[in-house]
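Worksheet for the structure shown next.
The values are calculated or read from the model by the stated rules, or taken from the named source; none is laboratory data. From a predicted model like this one, the values you see are computed outputs, not experimental measurements. Here the Cβ positions follow ideal geometry from the backbone for every residue, glycine too, while neighbour counts run over all protein chains shown.
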Amino acid sequence: MKEIKCDFLIIGTGIVGLSLAKNLTETYPNKNVCIIEKEQNVAFHASGRNSGVLHAGFYYYPDSLKAKFTKQGNDELTDYCITRGLRINKCGKVVVAKSEEELESLFELKKRGENNGVEIHLITEKELEEIEPNAKTFKYALWSPKTSTVNPSEILLSLLKELKDREVKIFFNTPYKSVIKEDNKIITEDKIFLADKIINAAGLYADKIAKDFGFAQNYVLIPFKGIYLEYKGSKLNIRRNIYPVPNLKNPFLGVHFTIKVDETIKIGPTATPCLWRENYKGLSRFNVIELMEILKWDIKLFLKNENFRKTAFDEVKKYLKSYMLAEASKLVKVFDSDGFTHWGSPGIRAQLIDIRNLQLVHDFVVEGDEKSIHILNAISPAFTASFPFTRFVIQEYIMKNCGESKDGEI
Ligand SMILES: Cc1cc2nc3c(=O)[nH]c(=O)nc-3n(C[C@H](O)[C@H](O)[C@H](O)COP(=O)(O)OP(=O)(O)OC[C@H]3O[C@@H](n4cnc5c(N)ncnc54)[C@H](O)[C@@H]3O)c2cc1C
């Protein structure tokens, strides 16, 4: 088998893998970076199948990695789109409440936003009417002018081109198969990669690969599918993203209206537990071992985690188009359910469960040593946060841990 040597080997060309490569080439211009990807191109999984929202950063617990990097990530990706001529819709977003009980969470989000240094305004029903006349709320809403939407695939393709120009070697159709830990060698079908540092950014398979290296011992991955309905009618008038107040015990934001870069409207995503990791449609990519493993953990969670049980019941109903439409209709004054005629492509979240307490993990998780680094639980808003988050990974897990200076000399 052909042996390829490199300084850094990244697994996965999602937004995390590509941003890591971008930041590595900037930090270490003299080192060579290779990426292996099991698909034939970028954008096949979560990074190409998400809502395309650049989040502002007000949802997240203080001190979390999400709180630390989302605002900065939004600023950097906004600049990236503008300087490269990629489409961005700076439509902003409102979060609306349905009842008195939801106001408490709304105020909590405002507080979190302030703690995270994010521009966020508490507005009255009347003020909401001026910002987004069709949105409906109970007494108050939040207005986030910094939330915007992009086309994620355009960003991935732009990064891909840039990395090729910087001579990063990208091997598509090259799935990771196994590792020889002592030599830091990765085995694929027809090649062996020998790397100083391996960075695992494999999304839905990141936990499995991490386990081969002895990491991610406290976690299992439960995939959650997000489905979308696209609006093809002409009667619905919405100009800004409209979100409900989320259940703060979950990392999901609830079914919402997203205004895409071409100003068309979609609703979603749901957060339905799925049965195997790439369970996008029908039986495609069916994997019986994954099915057994996921069912085992779903049942445990269902029995022992009250919040998971409630979420599972609520979310399964959203497979019904009528239920999903009914949920969305609660956010607006005038709705046009007949116009939602098309299902968009679903995305699947690589959600970790902490097996020590059977809770869904809310923050990004990074584990590693001097030879390998594993990016786990890169769930939303990892797209938004990707540029500064991966810079942090390089600083904390490559430069600091390995005593390297900025120009790459050890
Ligand atoms: C429905 C949904 C909506 C979302 N909405 C938003 C949003 O609006 N804003 C936001 O900021 N974030 C959003 N997110 C989150 C965001 O999409 C993810 O956080 C982000 O895309 C994760 O990127 P990644 O690179 O870790 O994973 P991925 O994009 O999944 O990339 C991982 C890559 O690794 C490859 N790979 C896997 N296994 C192997 C292997 N064995 N060998 C080689 N390659 C392998 C895969 O093929 C894939 O290309 C959403 C996610 C979902 C699912």
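Does region 218-235 contain at least one residue that is surrounded by fewer than 16 Cβ atoms within 10 Å (Cβ to Cβ), more than 10 Å from the ligand (Cβ to nearest atom) and closer than 30 Å to Ile186 by Cβ? Yes. For region 270-294, filtering for residues that are surrounded by 14 or more Cβ atoms within 10 Å (Cβ to Cβ) and modelled with pLDDT under 95 leaves 6. For region 344-359, residues that are closer than 19 Å to Lys310 by Cβ and out of contact with any Gly (no Cβ under 7 Å at 6 or more places or on another chain) total 6. Hey, any hits in region 395-404 for a residue that's among the aromatic types (Phe, Trp, Tyr) and within 16 Å of the ligand (Cβ to nearest atom)? Checking region 395-404: at least one residue is among the aromatic types (Phe, Trp, Tyr) and within 16 Å of the ligand (Cβ to nearest atom). Within region 39-53, residues that are of a type in the set (Val, Ile, Thr) have Cβ atoms under 6 Å from residues that are near the ligand (Cβ under 6 Å from one of its atoms) in these pairs: Val42/Thr13, counting only partners at least 6 apart in sequence or on another chain.
Listed by first and then second residue, the pairs linking a residue in region 1-19 that is within 16 Å of Arg166 (Cβ to Cβ) to a residue that is outside any strand (DSSP E or B) and basic (Lys, Arg), with Cβ atoms under 9 Å apart and 6 or more places separating them unless they lie on different chains, are Cys6/Lys31; Asp7/Lys31; Phe8/Lys31; Ser19/Arg391. Annotation: Glu278 fulfils all but one of (1) acidic (Asp, Glu); (2) at positive phi; (3) within 11 Å of the ligand (Cβ to nearest atom); the unmet one is (2). Taking the criterion of being modelled with pLDDT of 95 or more and among the aliphatic types (A, V, I, L, M), the residues of region 234-255 that qualify are Leu236, Ile238, Ile242, Val245. Quick one: count up the residues across region 378-389 that are out of contact with any Pro (no Cβ under 8 Å at 6 or more places or on another chain) and near the ligand (Cβ under 9 Å from one of its atoms). Final tally of qualifying residues: 6. Mind listing just one residue for me: the one in region 42-89 that is more than 13 Å from the ligand (Cβ to nearest atom) and assigned to a loop (DSSP other than H, G, I, E, B) and, of those, farthest from Thr258 (Cα to Cα)? So the residue we want is Asp63.
Can you confirm whether region 139-156 contains a residue that is closer than 20 Å to Ile398 by Cβ, out of contact with any Pro (no Cβ under 7 Å at 6 or more places or on another chain) and not hydroxyl-bearing (Ser, Thr, Tyr)? No, because not a single residue in region 139-156 is closer than 20 Å to Ile398 by Cβ, out of contact with any Pro (no Cβ under 7 Å at 6 or more places or on another chain) and not hydroxyl-bearing (Ser, Thr, Tyr). Contact map, region 158-172: first residue free of Cβ contacts under 8 Å to residues at least 60 places away in the same chain, second residue assigned to a strand (DSSP E or B), Cβ cut-off under 9 Å, separation 6 or more or different chains; pairs are Lys164/Ile170. Taken as a whole, region 325-334 holds at least one residue that is more than 14 Å from Val255 (Cα to Cα), away from the ligand (no atom under 16 Å from the Cβ) and modelled with pLDDT of 95 or more.
Can you go through Ile123, Ile131 and tell me which one is surrounded by 15 or more Cβ atoms within 10 Å (Cβ to Cβ), free of Cβ contacts under 8 Å to residues at least 40 places away in the same chain and not assigned by TED's automatic domain parsing to the domain that holds Ser380?
Ile123 is the lone residue from the list that is surrounded by 15 or more Cβ atoms within 10 Å (Cβ to Cβ), free of Cβ contacts under 8 Å to residues at least 40 places away in the same chain and not assigned by TED's automatic domain parsing to the domain that holds Ser380.
Being of a type in the set (A, V, I, L, M) and surrounded by fewer than 18 Cβ atoms within 10 Å (Cβ to Cβ) is the filter; apply it to region 160-193 and report the residue that is farthest from the ligand (Cβ to nearest atom). This residue is Ile180.
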